[in-house]
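J.: Here it is: the structure, laid out below.
The values are calculated or read from the model by the stated rules, or taken from the named source; none is laboratory data. The structure displayed is predicted, hence computed values, not measured ones. In this analysis, Cβ positions are derived from the backbone assuming ideal geometry, glycine residues included, and neighbour counts consider all displayed protein chains. Ligands, DNA and RNA are excluded from the accessible area calculation, which covers all protein heavy atoms including side chains. Shrake-Rupley method; radii C 1.70, N 1.55, O 1.52, S 1.80 Å.
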Amino acid sequence: DKFFYVEYTCSPIKKEEEITGAIIIFKDISDRKKKEELENKSYNELAFISESAMRFLETTTREEIFEYVSLSLFEYTKARAIIVNSYDLESQEFKVESTSGLTQFIRPIEKLINCEIKGSKFKIEFERCPPAATLNKLIHLPDGLYAMNFGNLNRKECMQIESMLNAK
């Protein structure tokens, strides 16, 4: 680490009631700070779960549930964008049910990819290959993540989307 937390105590050195110096004792409290940060993180996660549970109980429609999940994940993860999908086991299709974080960008992105994001459907085909190599197929990536290539966008279009989302 480039820095560490310290706690210090300063005591004067006196000679015949005149301060002639000081003793400063530093104590590394990095472990304590890490524990405090972990406790704060745990507390915030529990508060989020508790608040989320109460808000979830107030949802009544399927659409509200997807909107709630999308917004909650967006707030919790601080991600640039969240897209929540449903999955139909019979047709083996995903359907985009809700998005968060795309409000100001959704129309320009839809124009670039030439389709509406919300409501769009795509089949799932598990393949292990680079996302750019497969169009409209869900690709399994390491750590349980998946990616999908919606179409062949040129460099300018990709840069426009990155710029809109402030992502690199």
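J.: Are there any pairs with C-beta distances below 6 angstrom linking a residue in the range 43-69 that is closer than 18 Å to Ser98 by Cα and among the aliphatic types (A, V, I, L, M) to a residue that is open to solvent by less than 80 Å² (accessible area, probe 1.4 Å) and outside any helix (DSSP H, G or I), with the two at least 6 apart or on different chains, and if so which?
T.: What qualifies is Ile65/Thr59; Val69/Val84.
J.: Further question on the same structure: Name the residues in the range 1-25 that are loosely packed, with under 10 Cβ neighbours inside 10 Å and either in contact with an Asp or Glu (Cβ under 8 Å, 6 or more places away or on another chain) or assigned to a loop (DSSP other than H, G, I, E, B) (or both), would you?
T.: Of everything in the range 1-25, those that are loosely packed, with under 10 Cβ neighbours inside 10 Å and either in contact with an Asp or Glu (Cβ under 8 Å, 6 or more places away or on another chain) or assigned to a loop (DSSP other than H, G, I, E, B) (or both) turn out to be Asp1, Lys2, Phe3, Glu16, Glu17.
J.: Cβ-Cβ distance below 7 Å, separation of 6 or more or different chains: which pairs start in the range 1-29 with a residue that is charged (D, E, K, R) and end on one that is open to solvent by less than 100 Å² (accessible area, probe 1.4 Å) and assigned to a strand (DSSP E or B)?
T.: From the range 1-29, the pairs are Lys14/Thr20; Lys27/Val6; Lys27/Glu7; Asp28/Val6.
J.: Please go through the range 102-124 and pick out each residue that is more than 22 Å from the chain's Cα centre (by Cα) and open to solvent by 40 Å² or more (accessible area, probe 1.4 Å).
T.: The answer is Arg107, Pro108, Lys111, Asn114, Cys115, Glu116, Lys121, Lys123.
J.: Could you list, in sequence order, all residues of the range 65-90 that are within 18 Å of Ser120 (Cα to Cα) and not hydrophobic (A, V, I, L, M, F, W, C)?
T.: Once the filter is applied, which keeps residues that are within 18 Å of Ser120 (Cα to Cα) and not hydrophobic (A, V, I, L, M, F, W, C), the range 65-90 yields Glu67, Ser70, Asn85, Ser86, Tyr87, Asp88, Glu90.
J.: For the structure I just gave you, tell me whether Lys33 is more than 22 Å from Gly101 (Cα to Cα) and open to solvent by less than 70 Å² (accessible area, probe 1.4 Å). Write out each step before concluding.
T.: On the way: more than 22 Å from Gly101 (Cα to Cα): yes; open to solvent by less than 70 Å² (accessible area, probe 1.4 Å): yes.
Yes.
J.: Right, another one. Working only within the range 64-95, note down all residues that are outside any helix (DSSP H, G or I) and more than 18 Å from the chain's Cα centre (by Cα).
T.: Just the residues of the range 64-95 that are outside any helix (DSSP H, G or I), to begin with: 78-95.
Passing the criteria: Ser86, Tyr87, Asp88, Leu89, Glu90, Ser91, Gln92, Glu93, Phe94, Lys95.
J.: Right, another one. May I ask you to list the residues in the range 107-135 that are β-branched (Val, Ile, Thr) and modelled with pLDDT of 85 or more? Please lay out each step first, then the result.
T.: So the first thing to find is which residues in the range 107-135 are β-branched (Val, Ile, Thr), and the list is 109, 113, 117, 124, 134.
Residue satisfying the conditions is Ile117 alone.
J.: With touching a Pro at 6+ places or on another chain (Cβ under 6 Å) and farther than 30 Å from Lys123 by Cβ as the only criterion, which of Ala22, Ala47 stands out? Quick ask: steps written out before the conclusion?
T.: Values: Ala47 fails: touching a Pro at 6+ places or on another chain (Cβ under 6 Å).
Unique residue meeting the criteria: Ala22.
J.: When you scan the range 79-89, do you find a residue that is surrounded by 11 or more Cβ atoms within 10 Å (Cβ to Cβ), at pLDDT below 90, among the polar types (S, T, N, Q) and within 30 Å of Lys156 (Cα to Cα), even just one?
T.: Among the residues of the range 79-89, at least one is surrounded by 11 or more Cβ atoms within 10 Å (Cβ to Cβ), at pLDDT below 90, among the polar types (S, T, N, Q) and within 30 Å of Lys156 (Cα to Cα), which makes the answer yes.
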